[in-house]
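Trainee: Dropping the structure in here first, questions after.
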Amino acid sequence: MNACTLRHVRVVEFGVLGSVAAWDETGEPIALKGPRHRAVLARLLIARRRVVPVPRLVEDLWEGDPPADAVGTVRTFVAGLRRALEPERPRRTPSRLLVTEGPGYALRAEPAHVDARRFEHTVAATADLPPAQAVSRLTEALELWRGPAYADFAEERWARAERSRLAELRLTAVERRAESLLALGAAADAAADLDAHVAEHPWREDAWQLLALALYRCGRQADALSVLRRARQLLREHLGVEPGPRLSRTEQDILRHADHLDPGPSDPGPSDPGPSDPAAQVWEQASASYASMVPQRARTRLESTAGLMRHLAVTGGGGLEAARRHRAAAVAAAEQLGDPELTARVIGVYDVPAVWTRSDDPAQADRLVGAAERTLLLLQPGSSEAARARLLATVAVESRGTLPEGTRALQAAHQAVESARRLKDANLLVFALNGLFMQTFERAGLAARRDEIGAEITEVAARHGLFTYEVLGHLIRLQAHCATADFTAADRHADAADALAERHELPLVAVFTTWHRALRTATTEPPQVGESAYRAAATSLEGAGMPGLERGLLPLALLCLRLHHGLPVTADPHTDWGPYEPWARPLTLLAEGRDQDAVRLLASVPSPPGDLLYEALWSLLARAAIQVDDRPLMRRAQRALEPARGELAGAASGLLTAGPVAAHLDALAAALAPHAS
C-alpha cells in the first residue's frame, strides 16, 4: 500500500459496554446511521475479528423472517458502515477495517480499540498484582462501563451469550476490587461498594460474604450478622437454595471472633505465594483452606466432590473418566449415610450435558439410575420439587440408548421438564430437556423433534449464561440438520459450538464438530476423500475418554460409507466392531462368503438400540437381509425405517451415514415384491 493510501487510515475506538458506539481518534462520536447498521456492527464486534457469513447476518438481523432482498440489504448496511468508519478511504480501495473475506465480513478492530476487550485484559492482568495496584486497575476497568453491555440489543438472541459473559465478568471485577480494598485495610470503602452490589445482585453469595467481612472489620459485628441472615432469607425465598458452606462458616467465625478474620497490619495475604501461576496459587490456597477447615467426614465434602466432578467431566480425557469414577463413589457414600436429602443433592448436582446416546459405562449408569430411584422413594412428601426433578432428569439421562416408549425413563423425562417449567428454573430446565432428548428414540425419523429440543436448550442456556448447555443445544441441532442433509445449517451450529468451546475451554466439543465435518465430506465428496476424512476424524477420539463413542466407530463409518456409495463390503475378521458387531457382522460374513453363518446370526440378531445410530444399524440389517432373502427381517427393517424415509440413515448422529433411508427402503420394496420371491 502506498503512502497516499496510508494517510487515510485512522484509528477508530469501539464501545459496547453500554450502547454500541464508535469514536474517531479525537474522541468525536462517529454517526452510525440507523439501528440495522448498528446491529451489523455489534454482530461483527461479537465475532471478535472472525468472519461472519452473510447468511448468518441475515438470520441474526431478521431472526428467521428476512425480506426477499435481505442479502442486498446487508451489503448496503456494510457499505454505509464503511463510509462512516473510513470516510477518507479512496474509492475502489479495499477497507482495512471492515473487510470482505470468504463468505462474509469481519471487523478487524484491534483488541485495544474495543472497550470490552480492554476491560477483559485489565481484569485478567490484576490476578497477580499487589492489592494497591489491583484496586487502581480494576477501578479504571470498571469506569469503562457506560451501561449494560450491548444495551441496544438486549432482546437479540445473538447478543445474549456475550452480554451475559461480560456482565458476569463485571460482577467478578467488582468483587475482586472489594477483596483488594479489604486487603489494604479499606474495609469502609469495600462495605459501601458491596452494599450497593448485593442490593442489585442478591444471588452473589461471595459478595454477601465479603460484605459481612467488611462490616465486621469496621467494628459492626451486629450489622455483619444481619447481612448474613438477609442473604440466607433471599437465597431461600428467591432461588429456593440454602446458603453455601462459606456463608455458614463466616457466620460462625464472626460469632466466635475468629483470628483469621483480622488480617495482619502488613501482611494482608498469605506469606508463601506458592506457585507462580495465579490460577495454581489460588487452587493451592483454596484446597489447603478447605482441607483444614472442613472435617474429613463432613457431608459437605460429598456435595463438594460431586460438584467438582461436574466441572472435571467437561475437561475430557482422564478428567472425564475420573469424574465418572469419583461421582459413583460419592453417590455410594451418600447412600450409606442414610440421608436421602443429601443423596439427592449429590446425584442431582452432576448435571453434565450429554449428547451421545450410548453410555460410556452401562453398568455404572444402571447403578446411578437405581440410586436415583431408591432416593425418590425415600424422600419425604414435602421435599424440594427441584431435588425430585433433578433425580428424574438423572434417570432419563442415564437410561440412554434404550427404546423408551412406555418406559419409566420417558415418563421421568416429561415429569422433570414439567417441574422445571413450573419452577421457572433455567438450570433445571436444560438438564431435564437433556433427559428428554435422550428419550426421543422410540422410532426412526424423529430428527425434527430433537431439533425443537435443541433449539429450546440453546435459547434458554444463552439467555441465562449456561454455556455448556448452549453448546449442547448447538450439537443437538447439528445432528438434527445432518439427518435432513441440511449441512449449511449444521455448519452454523458446528461453528457456534466451536466458538463457545474455544472461549470456555471445552475440548470434547471438537470431537463432535470434527466428525461432523468428516460426515459432510463423506456425503459430498468421492468415497476415497470421505474415507480419509473419517480416518483423520478418528484421531480426535484418542484419549478423549469416551469409550461409548470410540470403540467401533471408525470401522462402522467406513462400512456405512461403502453402502452409501454402492461399493462392495470388505471383510477383515480382526476388525473391532465394538458395540456395533451384532449389526455389522452379518454383512462382513457375507463378504467372506460365509452365507450360512450370516443367516444364523441374523436369525438371533436383536433390534438396534434406540439411539442416534438406530437408522444406520437398521440399514445394515436391511442390506444383509436382502442378500440372504430373509423376508421377515426385511419386513421388520421396512417398518422400522419407513418413518425416516426423508432422512439420511445414521446422519442423525452427526458422525456418519449409510446414505438416504429412501434408497434402503426402495431396495427392500424391490426385494419384497411378488416377482422377487
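The values are calculated or read from the model by the stated rules, or taken from the named source; none is laboratory data. Just so it is clear, the model here is predicted, and its values are computed rather than measured. No Cβ is skipped: glycine too gets one built from the backbone with ideal geometry, and neighbour counts run over all protein chains shown. For accessibility, only protein heavy atoms count, side chains too; no ligands or nucleic acids. Shrake-Rupley method; radii C 1.70, N 1.55, O 1.52, S 1.80 Å.
Trainee: Report every pair of residues separated by at least 6 positions or lying on different chains whose Cβ atoms are under 8 Å apart, first residue within region 248-259 and in contact (Cβ under 8 Å) with a residue 24 or more places away in the chain, second open to solvent by 100 Å² or more (accessible area, probe 1.4 Å).
Mentor: none
Trainee: Hey, among the residues in region 393-428 that are of a type in the set (A, V, I, L, M) and open to solvent by 20 Å² or more (accessible area, probe 1.4 Å), which one's nearest to T357 (Cα to Cα)?
Mentor: Among residues in region 393-428 that are of a type in the set (A, V, I, L, M) and open to solvent by 20 Å² or more (accessible area, probe 1.4 Å), the one nearest to T357 (Cα to Cα) is L403.
Trainee: Okay, next question. I'd like the residue in region 365-384 that is closer than 15 Å to R345 by Cα and not in a helix (DSSP H, G or I) and, out of all such residues, is most open to solvent (accessible area, probe 1.4 Å).
Mentor: Q380
Trainee: Residues being open to solvent by less than 10 Å² (accessible area, probe 1.4 Å) and part of a helix (DSSP H, G or I): count how many of those fall in region 135-151.
Mentor: Total satisfying the criteria: 2.
Trainee: Which of the numbered conditions does G552 fail, given that it passes all the others? Conditions: (1) on the phi > 0 side of the Ramachandran plot; (2) in contact (Cβ under 8 Å) with a residue 40 or more places away in the chain; (3) more than 15 Å from the chain's Cα centre (by Cα).
Mentor: Answer for G552: the failing condition is (2).
Trainee: Same structure, new question: Which pairs turn up if I take residues in region 493-506 that are of a type in the set (D, E) and look for partners that are open to solvent by less than 40 Å² (accessible area, probe 1.4 Å) with beta carbon separation below 7 Å, at least 6 apart in sequence or on another chain?
Mentor: The qualifying pairs are D498/V509; D498/T513.
Trainee: Any idea which residue in region 467-505 is modelled with the lowest pLDDT, counting only those that are among the polar types (S, T, N, Q) and under 20 Å from L433 (Cα atoms)? Lay out the reasoning, then the answer.
Mentor: The initial filter retains those residues of region 467-505 that are among the polar types (S, T, N, Q), namely 468, 479, 484, 488.
Checking the rest, the ones that are also under 20 Å from L433 (Cα atoms) come to 468, 479.
Details: T468: 93, Q479: 97.
Among them, the one singled out is T468.
Trainee: If you check every pair at least six apart or on different chains, which have Cβ atoms under 8 Å apart with a residue in region 406-428 that is farther than 14 Å from V369 by Cα and modelled with pLDDT under 95 first and a residue that is open to solvent by 90 Å² or more (accessible area, probe 1.4 Å) and in a helix (DSSP H, G or I) second?
Mentor: Close Cβ pairs satisfying both conditions: A426/R463; A426/H464; N427/H464.
Trainee: In addition: Does V114 count as in contact (Cβ under 8 Å) with a residue 40 or more places away in the chain, in contact with a helix residue (DSSP H, G or I) (Cβ under 9 Å, 6 or more places away or on another chain) and farther than 23 Å from V52 by Cα?
Mentor: no
Trainee: Exactly one condition in (1) at pLDDT below 70; (2) under 18 Å from N434 (Cβ atoms); (3) outside any helix (DSSP H, G or I) is false for D360; which is it?
Mentor: Of everything listed in (1) at pLDDT below 70; (2) under 18 Å from N434 (Cβ atoms); (3) outside any helix (DSSP H, G or I), D360 misses just condition (1).
Trainee: Let me ask something else. When you go through (1) open to solvent by less than 40 Å² (accessible area, probe 1.4 Å); (2) closer than 19 Å to W158 by Cβ one by one for I30, which number turns out not to apply?
Mentor: Answer for I30: the failing condition is (2).
Trainee: Here's a follow-up. Looking only at region 489-547, count how many residues are closer than 30 Å to V569 by Cβ, over 18 Å from the mean Cα position of the chain (by Cα) and not in a helix (DSSP H, G or I).
Mentor: Counting residues in region 489-547 that are closer than 30 Å to V569 by Cβ, over 18 Å from the mean Cα position of the chain (by Cα) and not in a helix (DSSP H, G or I) gives 3.
Trainee: Within region 482-502, does at least one residue satisfy the condition of being farther than 28 Å from E531 by Cβ and open to solvent by 40 Å² or more (accessible area, probe 1.4 Å)?
Mentor: Yes, there is a match, as at least one residue in region 482-502 is farther than 28 Å from E531 by Cβ and open to solvent by 40 Å² or more (accessible area, probe 1.4 Å).
Trainee: For R7, only one of the following conditions fails: (1) closer than 17 Å to F153 by Cα; (2) at pLDDT below 90; (3) open to solvent by 50 Å² or more (accessible area, probe 1.4 Å). What is its number?
Mentor: The single condition R7 does not satisfy is (1).
Trainee: Next question. Which numbered condition trips up A432, out of (1) at pLDDT 95 or above; (2) among the hydrophobic types (A, V, I, L, M, F, W, C); (3) closer than 27 Å to V52 by Cα; (4) assigned to a helix (DSSP H, G or I)?
Mentor: In the conditions (1) at pLDDT 95 or above; (2) among the hydrophobic types (A, V, I, L, M, F, W, C); (3) closer than 27 Å to V52 by Cα; (4) assigned to a helix (DSSP H, G or I), A432 misses (3) alone.
Trainee: Can A328 be described as of a type in the set (A, V, I, L, M) and either buried (at least 23 other Cβ atoms within 10 Å of the Cβ) or over 27 Å from Y580 (Cβ atoms) (or both)?
Mentor: Details: of a type in the set (A, V, I, L, M): yes; either buried (at least 23 other Cβ atoms within 10 Å of the Cβ) or over 27 Å from Y580 (Cβ atoms) (or both): no.
The answer is no for A328.
Trainee: For A258, only one of the following conditions fails: (1) out of contact with any helix residue (DSSP H, G or I) (no Cβ under 6 Å at 6 or more places or on another chain); (2) at pLDDT 85 or above. What is its number?
Mentor: For A258, the failing item is (2).
Trainee: Another one. Using the structure shown, decide if L587 is assigned to a helix (DSSP H, G or I) and either at positive phi or open to solvent by 10 Å² or more (accessible area, probe 1.4 Å) (or both). Write out each step before concluding.
Mentor: Details: assigned to a helix (DSSP H, G or I): yes; either at positive phi or open to solvent by 10 Å² or more (accessible area, probe 1.4 Å) (or both): no.
Taking the combined requirement at face value, the residue does not satisfy it.
Trainee: Filtering region 152-175 down to residues that are touching a helix residue (DSSP H, G or I) at 6+ places or on another chain (Cβ under 7 Å), among the hydrophobic types (A, V, I, L, M, F, W, C) and within 21 Å of L138 (Cβ to Cβ), which residue is surrounded by the fewest Cβ atoms within 10 Å (Cβ to Cβ)?
Mentor: The extreme case among them is L169.
Per-residue answers, yes or no, for (1) over 26 Å from E470 (Cβ atoms); (2) at pLDDT 75 or above:
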| position | (1), (2) |
| --- | --- |
| M309 | no, no |
| G317 | no, no |
| A333 | yes, yes |
| Q336 | yes, yes |
| T343 | yes, yes |
| V349 | no, yes |
